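**Student:** Take this structure, written in structure tokens, and hold onto it; I'll ask about it next.
Each value in this text was obtained by applying a stated rule to the coordinates, not by laboratory testing. Values in this document were obtained by computation on a predicted structure and should not be read as measured data. Cβ placement follows ideal geometry from the backbone for every residue including glycine, while neighbour counts extend to all protein chains displayed.
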Amino acid sequence: MDASVSFDELKDMIRDKFTASAKFFNNAALALSLEGRELSDTQEKEIIDIISEVTDINIVCLIDHDEERDLIYQRAVADAMNNKNKHDVTAEIMGKEIEVPAQPLCQFYKGTLRSGQVLETESSVVILGDVNPGGKVVACGNVIVLGSLKGNIFAGANGNENAFVVA
């Protein structure tokens with residue numbers, strides 16, 4: 001995001017870009033990263049609201065470098081994977097304090113899994129990167145890959161027949 005333009009201009013630009021690409025995204029579930037300028041919580045919410053108004057995108061989390069926020073967003077992803085309404089998730093992210101369980105419902109992995117690498121987890125996992133041929137993910141919960149999936153994914157490894165993979 002261009003730090004040299006006013007926030008109102010930025011909102012107009014975001015509205016125009018997402019309106020033009022609404023059909024491309026359809027009703028995708030996405031992780032959103034807001035980079036290039038510092039934004040207040042209110043400004044972040046305004047941007048999310050604009051995207052929600054002009055598209056059917058389900059923003060499941062904001063990618064941030066704030067560890068405290070990361071815990072909140074992990075909970076939001078877990079809630080979204082349990083089919084929670086996207087507006088409820090947005091309200092929870094932006095306005096309320098939530099309790100994070102001792103064992104995470106969902107883990108994040110940032111990076112590329114290469115041939116021979118294995119990622120195993122007893123929960124669900126969101127992979128912010130690629131799973132290359134020969135890479136392997138084994139999860140007791142769900143697996144979401146926000147990148148290219150060319151390797152092997154095993155969701156519901158503990159017998160959970162409702163587990164799913166999204167890539």
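**Student:** Within a Cβ distance under 14 Å of A22, other residues only, what is the Lys/Arg minus Asp/Glu net charge?
**Tutor:** Charge balance near A22 sits at 0.
**Student:** Pairs K45/K136; K11/K110; K23/K150; K23/K110: which are spaced more than 30 Å apart, C-alpha to C-alpha?
**Tutor:** Too far apart for the 30 Å limit: K45/K136.
**Student:** Considering all projection directions equally, how large on average is the shadow of the alpha-carbon convex hull of segment 106-166, in square nanometres?
**Tutor:** 3.3 nm²
**Student:** Starting at the first residue of segment 4-11, write each ³J(HN,Hα) from the Karplus equation 6.51 cos²θ - 1.76 cosθ + 1.60 with θ = phi - 60°, in whole Hz, x for Gly and Pro.
**Tutor:** Calculated HN-Hα couplings, in order: 8, 9, 5, 5, 4, 5, 4, 4 Hz.
**Student:** Using DSSP to define loop residues, name the trypsin sites (Lys or Arg not before Pro) in segment 114-162 whose beta-carbon has at most 15 other beta-carbon atoms within 10 Å.
**Tutor:** For trypsin sites (Lys or Arg not before Pro) across segment 114-162 that sit outside H, G, I, E and B with at most 15 neighbouring Cβ atoms in 10 Å, the list reads R114, K150.
**Student:** Distance between the C-alpha centers of segment 4-47 and segment 113-166? Whole Å please.
**Tutor:** Segment 4-47 and segment 113-166 have Cα centres spaced 29 Å from each other.
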